[in-house]
Amino acid sequence: MNPAAHTQMISHESDIERAAFALKAMSHPLRLKILCTLGDQELAVQDIVDHVGTTQSNISQHLAKLRDKEILASRRDANRIYYRVKDDRTLRLIEMMRDVFCREHSAD
């Protein structure tokens with residue numbers, strides 16, 4: 001194996017690890033619903049709670065996990081915390097999942 005091919009293989013392996021890490025963080029139904037709610041916008045915690053429909057405590061736990069896994073970024077403005085999806089690749093993945101799983105099917 002030539003050195004250039006080996007370098008590509010290592011890079012590819014890190015891409016696989018990063019994708020698996022992100023998918024694992026998103027695999028919980030509530031976390032996926034949070035991500036779909038956010039999409040490409042930034043929302044305050046209470047707005048997420050209102051849309052997702054569970055307790056603020058529960059949402060906050062899942063937001064913290066997504067932030068810790070570097071899926072979400074957050075910022076504080078006075079007494080409100082706002083969240084957004086951190087990486088455009090994650091946004092593209094969410095959009096693909098919406099296309100596959102969330103669009104109304106005309107055949108149904």
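The values are calculated or read from the model by the stated rules, or taken from the named source; none is laboratory data. What you are looking at is a predicted structure, and each value in this text was computed from that prediction instead of being measured. Here the Cβ is made from the backbone with ideal geometry for all residues, glycine too, and neighbour counts use every protein chain on show.
What pairs come out if I take residues in segment 73-87 that are in contact (Cβ under 8 Å) with a residue 24 or more places away in the chain and pair them with residues that are loosely packed, with under 10 Cβ neighbours inside 10 Å and basic (Lys, Arg) whose C-beta lies under 9 Å away, six or more apart or interchain? Here the result reads Tyr82/Arg76, each pair linking segment 73-87 to a residue that is loosely packed, with under 10 Cβ neighbours inside 10 Å and basic (Lys, Arg). Of all residues in segment 34-58, those satisfying the criterion of being more than 9 Å from Tyr83 (Cβ to Cβ) and under 14 Å from the mean Cα position of the chain (by Cα) are Leu35, Cys36, Thr37, Gly39, Asp40, Gln41.
I'd like the full set of residues that are surrounded by 14 or more Cβ atoms within 10 Å (Cβ to Cβ) and part of a helix (DSSP H, G or I), limited to segment 84-96. Within segment 84-96, Thr90, Leu91, Leu93, Ile94, Glu95 qualify. Among the residues of segment 10-63, the one identified as closer than 22 Å to Glu95 by Cβ and part of a strand (DSSP E or B) is Leu43.
Examine segment 72-83 for a residue that is under 20 Å from Glu17 (Cβ atoms), at pLDDT below 95, part of a loop (DSSP other than H, G, I, E, B) and not hydroxyl-bearing (Ser, Thr, Tyr), and state whether such a residue exists. For segment 72-83, residues under 20 Å from Glu17 (Cβ atoms), at pLDDT below 95, part of a loop (DSSP other than H, G, I, E, B) and not hydroxyl-bearing (Ser, Thr, Tyr): absent.
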